[in-house]
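Remarks on the structure that follows.
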Amino acid sequence: MSDVVETARAKTAPVTSTATGAPPEVQRRILAILFASQLLSGAGLAAGLTVGALLAQDMLGGTGFAGLPNALSTAGSALAAVAVGRLSHARGRRPGLAAGYLAGALGSAGVLVAAITGTAVLLFVSLFVYGAGTATNLQSRYAGADLAAPEHRARALSTVLVATTVGGVVGPNLAAPTGGLARVLGIPTLAGPFLLAGAAYALAALVLTLWLRPDPLLMARALERDPVRDGGTPAAQPERGLALGALTMVLTQLVMVAIMTMTPVHLHDHGHGTAAAGLVIAIHVGAMYLPSPLTGWLVDRYGRSSIAVAAGVALLAAGVIAAAVPGDSVALLALALALLGLGWNFGLVSGTAAITDALHPATRARTQGLVDVAVGIAGAGGGAASGVVVSAAGYPVLALAGGVLSLAILPVVAVTARGRRQPPTPGTAR
């Protein structure tokens, strides 16, 4: 049965509905399926974070290239965000998200082949394709918010995000065991986590293809009235919400990727192995996603702008601590990376909620994809520059510069929030 027929039945069902008209049990089912796919994909995205920089450093023999893997992966994520957004716009969330995860699995397989053959060009191309998994993991949050009532929107997308915690925390800590498995299979040790990534992304695509029904975006389009046709909200409100959300996510992504990318290299340069790097990145990824339910509640309760400001403060604290602590202190670096992840989480949840508030379902997926492109480009720039900065000036300079840059969120919030004093209504930015 088609999504359109399923949507029509849901619309006429005699149950209490959300503000968008979606029956609550439908939203709960969609969140459950997205939660399951995120459990898997979280392990996939963690592989590149943990060993990508070390793999490039080992193959190319220099710290100056260590930032390239995350830069390429993030650039690939930006391109994939466009593709996933356009496919979702045309066909719905299910085919868009499934295709993105399959691309991530393909990229993981390419990294393995590149590591075995020692082909740097194939490594870079594969890391670019691998970035599609990261883009898809993030785009899933929009699917969680498609059918949510505006006053619960941040909590709904946070439910999807928190599922990434399990895979994201377990994945980096499997760096050593998967490295051992890789050796048994005749694969370079540092490529081991990409075995896990490929399997995790492929399974996430299978879960969505089989069970994400009805499609949340198609259902939202059928249920929500067109605000232009119905004489809805003024254009200024959505424009402000879109600017607030996009700029907040761009800044937080740039700072987070730049500092996070070079932290494993910084630890390695001070005598620590992949186990220590895996632990620090696991704590970081946990802080990126685990606070999501609380963050969602805070965003719904205190507003998008307030939590965006909190994001800037947390990132500043992370940069200052990372710059000040000695390189052999794994515990203090883990604290800094935890704050880095928390600041990113604040920015992502508040920014996503602001963007979703501002967009009608008819154009939502395409615009969200374009916003994520900007976020991806910012992350790619941060990742590419991070290795150069560390090579020229050292890790503390990179961390401190990132922390100071995060303060740019404050004028963004001040400008975009100016003139908004009335409480939000459905379809407006907050």
(request) Tally the residues that are more than 20 Å from residue 404 (Cα to Cα) and either surrounded by fewer than 23 Cβ atoms within 10 Å (Cβ to Cβ) or at pLDDT below 90 (or both), restricting the search to the stretch 301-325. (result) 3
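What residue, of 244, 333, is farther than 28 Å from residue 78 by Cα, in contact (Cβ under 8 Å) with a residue 40 or more places away in the chain and surrounded by 24 or more Cβ atoms within 10 Å (Cβ to Cβ)?
333
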(message) I need every pair where a residue in the stretch 283-294 that is buried (at least 24 other Cβ atoms within 10 Å of the Cβ) has its Cβ under 7 Å from the Cβ of a residue that is among the aromatic types (Phe, Trp, Tyr) and assigned to a helix (DSSP H, G or I), sequence separation at least 6 or different chains.
(response) 288/344
(message) Where the second residue is among the β-branched types (Val, Ile, Thr) and not in a helix (DSSP H, G or I) and the first is over 15 Å from residue 141 (Cα atoms) and lies in the stretch 360-378, which pairs have Cβ atoms under 8 Å and are six or more apart or on separate chains?
(response) 360/228
(message) One residue is enough: does the stretch 227-245 have a residue meeting the conditions among the acidic types (Asp, Glu), over 27 Å from residue 378 (Cα atoms) and at pLDDT below 90?
(response) yes
(message) I'd like to know if the stretch 137-150 contains one or more residues that are more than 18 Å from residue 34 (Cβ to Cβ) and surrounded by 21 or more Cβ atoms within 10 Å (Cβ to Cβ).
(response) no
(message) Here's a check for you: in the stretch 90-113, which residue that is under 17 Å from residue 178 (Cβ atoms) and either within 18 Å of the chain's Cα centre (by Cα) or in contact (Cβ under 8 Å) with a residue 40 or more places away in the chain (or both) is surrounded by the most Cβ atoms within 10 Å (Cβ to Cβ)?
(response) 104
(message) Cβ-Cβ distance below 8 Å, separation of 6 or more or different chains: which pairs start in the stretch 207-223 with a residue that is within 16 Å of residue 139 (Cα to Cα) and end on one that is aromatic (Phe, Trp, Tyr)?
(response) 208/101
(request) Please find, within the stretch 252-267, the residue that is farthest from residue 376 (Cα to Cα) out of those that are β-branched (Val, Ile, Thr) and crowded, with 24+ Cβ neighbours inside 10 Å. (result) 263
(request) Quick one: which residue in 82, 121, 113, 160 is in a helix (DSSP H, G or I) and closer than 17 Å to residue 380 by Cα? (result) 82
(message) Could you list, ordered by first residue, the pairs with Cβ atoms under 6 Å in which the first is in the stretch 119-131 and closer than 16 Å to residue 187 by Cβ and the second is at pLDDT 90 or above and outside any helix (DSSP H, G or I), at least 6 apart or interchain?
(response) none
(request) Return a yes/no flag: does the stretch 135-146 have any residue that is modelled with pLDDT of 85 or more, assigned to a helix (DSSP H, G or I) and among the β-branched types (Val, Ile, Thr). (result) yes
(request) Give 387, 382 a once-over and let me know the one that is part of a helix (DSSP H, G or I), modelled with pLDDT under 90, touching a Phe, Trp or Tyr at 6+ places or on another chain (Cβ under 7 Å) and over 23 Å from residue 166 (Cβ atoms). (result) 387
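Taking the stretch 186-209 as the search range and keeping residues that are of a type outside the set (Ser, Thr, Tyr) and modelled with pLDDT under 85, which one is surrounded by the most Cβ atoms within 10 Å (Cβ to Cβ)?
Within the stretch 186-209, the match that is surrounded by the most Cβ atoms within 10 Å (Cβ to Cβ) is 193.
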(request) Select from the stretch 375-413 the residues that are of a type in the set (Ser, Thr, Tyr) and crowded, with 19+ Cβ neighbours inside 10 Å and write down the one among them that is nearest to residue 69 (Cα to Cα). (result) 386
(message) Suppose the filter is surrounded by fewer than 21 Cβ atoms within 10 Å (Cβ to Cβ) and either of a type outside the set (Phe, Trp, Tyr) or modelled with pLDDT of 85 or more (or both); does residue 164 pass it?
(response) no
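The values are calculated or read from the model by the stated rules, or taken from the named source; none is laboratory data. It should be emphasised that the depicted structure is a prediction, and the values quoted were computed from it without experimental measurement. Neighbour counts are summed over all protein chains in view; Cβ atoms, including those assigned to glycine, are modelled from backbone coordinates with ideal geometry.
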